[in-house]
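Input: a single structure, listed below in structure tokens.
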Amino acid sequence: MRTIVVLAIIIAGTLNLYAQKQNAPHWFLNSKQIDYEKHFINPSSIELMRVNKESAYGEIHITTKPNVTFSSLLRVISNRTNIKQLTDNALVRINGKSIPDTSGILIDDSFFIYIETDTLTNITYLNNKFNDLVIVDISLETKEKKPKILIRGNPDLMIDELRRSTREVE
């Protein structure tokens, strides 16, 4: 009897977990259904967020402030780098997360957008198919980054560290 109860709990838990993954809520942005994984919305652009639990899967409605605009991923990249087209040899990361499908990505224009690119060429330990791989690393920030002052080009020797060490000596 004890085994049957344990088995029933495991099955119920598994079904519940499976159901939660299958029944993701529907997301709406300004009354239009969206794929939330492909929309990057600045939290400061949100005027209202409402959850409707009464629908079959649940609904999350986001209303933005007036005049909030979005740009496509390609437009964001091409306006800030020399990359004009995303090809098969590009890996895009947004806020540290690799983007498996770059089609349909929209980014809130109110973000402070920082992009770093790196091209992997002639790296002998990588497979040939990764030669000329372009890594596009995008950081979406709600506030503007303060410029960093580097000493001899080493980010580990920031001016703040220098100030801290001089205070300790005094």
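What follows draws every value from the coordinates through simple rules; no lab data is involved. In this text, all values refer to a predicted model and were calculated from it rather than measured experimentally. Methodologically, a virtual Cβ is constructed for each residue, glycine included, from the backbone with ideal geometry; neighbour enumeration extends over all protein chains shown.
Local charge for residue 113 was computed over the other residues whose Cβ lies under 10 Å away, with Lys and Arg +1 and Asp and Glu -1, and equals -2. Each other residue within a Cβ distance under 10 Å of residue 69 adds +1 if Lys or Arg and -1 if Asp or Glu, for a net charge of -2. Size check on segment 64-107: the Cα extents along the three principal axes, sorted descending, read 38, 22, 17 Å.
Among the listed pairs 97/143; 32/145; 32/65; 38/143; 53/97; 38/84, those with a Cα-Cα distance over 26 Å are 32/145; 53/97.
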